[in-house]
Amino acid sequence: MSLAASPLAAALFTLLVAALLTALVVPLVRRMGLRYGLVDAPDPRKQHHVPMVRLGGIGMVAGFSLALAITWALGGFGNLAPDRDQLIWTTLAGALCYFVIGLADDLFALPPLPRLAGQVAVAVVVWGEGVRIGAIDLPLGWFGLPSLAFPLPDSLSLLATVIWLVGITNAINWIDGLDGLAAGVGGIAAVGLLSVSFSLQQSAAGLLAAALAGACLGFLRHNFNPARIFMGDGGSYFLGFALAAISIVGPAKGLTTVSLLFPLLILSLPLADMSAVIMGRLSEGHSPFYPDRRHLHHRLLRAGFSHRRTVVLIYAFTQWLAALALVAANVQMRFLWLALATAVLIGAVLGSRRQRRLPGDSTTASPSFPCDAGRDPKL
């Protein structure tokens with residue numbers, strides 16, 4: 001059996017296998033964590049009221065890696081050119097390194113600066129292996145003008161790549177503050193990258209995105225509210241880096257006239273949230289690491305939305321942004337997908353407004369909101 005003849009079938013197969021394997025592995029990880037006491041204990045600042053295992057990222061990595069290995073063995077990647085082959089392996093190695101950094105924090109509570117230094121070091125190595133932003137392009141062709149491309153010298157290419165990889169990773173890490181939020185947003189973003197990659201004939205990057213989407217889906221089986229396990233920093237670092245790197249080796253490589261526009265659209269919500277939080281902290285003279293409740297999900301909770309409604313609202317907006325990316329990528333039936341995404345967004349907003357709890361209502365949740373999955377904000 002070979003999947004090389006049908007890249008789309010290979011992507012669907014990879015997604016389903018990753019979802020199934022992740023869903024099966026995560027309960028094993030949870031039992032292991034409970035057995036050895038590898039849990040995050042509750043306290044007044046945290047939302048959960050029972051000890052929660054924070055090692056769910058192990059299950060995500062296992063499902064992702066095994067699904068790709070099976071697809072590779074069945075010929076799903078076809079005959080990749082040597083340069084594309086290297087990019088795929090570099091992306092996988094970088095994602096695993098970021099997972100190890102996050103896992104070390106989950107187990108040993110590392111300070112922020114050593115974690116950041118490790119992320120930067122891995123990003124530099126990955127850049128040296130070819131996963132890099134090589135040019136900044138302006139899509140003026142959409143307006144009937146000649147498109148302009150600005151190749152970056154190595155120094156600027158390195159800076160842009162490191163900022164992109166580290167920034168996306170921490171944006172995903174910082175939205176991991178409610179049950180199912182990071183996994184859902186990451187899964188939607190991965191599906192968007194999958195669609196855009198295939199529309200640009202970047203099937204190898206599409207398979208990576210498919211495996212990532214499947215891992216997120218399988219993990220949500222155990223992480224959606226009420227969660228039974230958290231992905232932890234290991235999972236969020238792995239998810240964030242994988243999204244960032246796939247966007248470089250896929251959409252950003254595939255069409256020079258749009259550069260990073262597609263992944264920027266798909267991932268704009270966590271990026272905007274992280275930027276607003278950092279600017280707010282700095283404007284008050286605090287460190288970017290200062291713990292507070294400035295994130296979008298905290299604001300929605302304070303506005304009276306329930307935990308689940310807050311998560312669903314952010315899901316709806318993320319899938320609408322992904323649909324915009326599909327329109328920009330000129331994929332088939334793009335306006336149909338945008339119309340459906342708009343309908344979902346409107347439905348989610350209207351439904352949430354009807355069920356919103358007003359301040360002072362006796363049913364309003366406790367004001368003790370979670371802060372980055374019950375822990376201090378991390379970078």
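What follows draws every value from the coordinates through simple rules; no lab data is involved. None of these values were measured; they are calculated from a predicted model. Reconstructed Cβ throughout: ideal geometry from the backbone, glycine too, with neighbour counts over all protein chains shown.
Quick rundown of the values:
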item: For segment 277-351, size of Cβ-based charge dipole, Lys and Arg +1, Asp and Glu -1, in debye; result: 160
item: Top positive-direction residue, dipole computed over segment 254-330 with Cβ charges, set H307, L326, I278; result: H307
item: Most to least packed among 217-230, 98-111, 175-188 [average Cβ atoms within 10 Å]; result: 175-188, 217-230, 98-111
item: Pair Q201, E284: separation of 7 Å Cα→Cβ label points (nm); result: 5.2
item: Listed peptides 299-311, 113-125, 266-278 by packing density, highest first (mean Cβ within 10 Å); result: 266-278, 299-311, 113-125
item: Label-to-label distance, nm, for residues given as V349 and L8 (7 Å Cα→Cβ offset); result: 3.2
item: Order by protection proxy (mean Cβ within 10 Å, highest first), peptides 85-91, 155-161; result: 85-91, 155-161
item: Under 5 Å, built H, 5+ apart or other chain: amide partners of A135; result: L152
item: Approximate spin-label separation R308-L28, in nm, with each point projected 7 Å along Cα-to-Cβ; result: 3.1
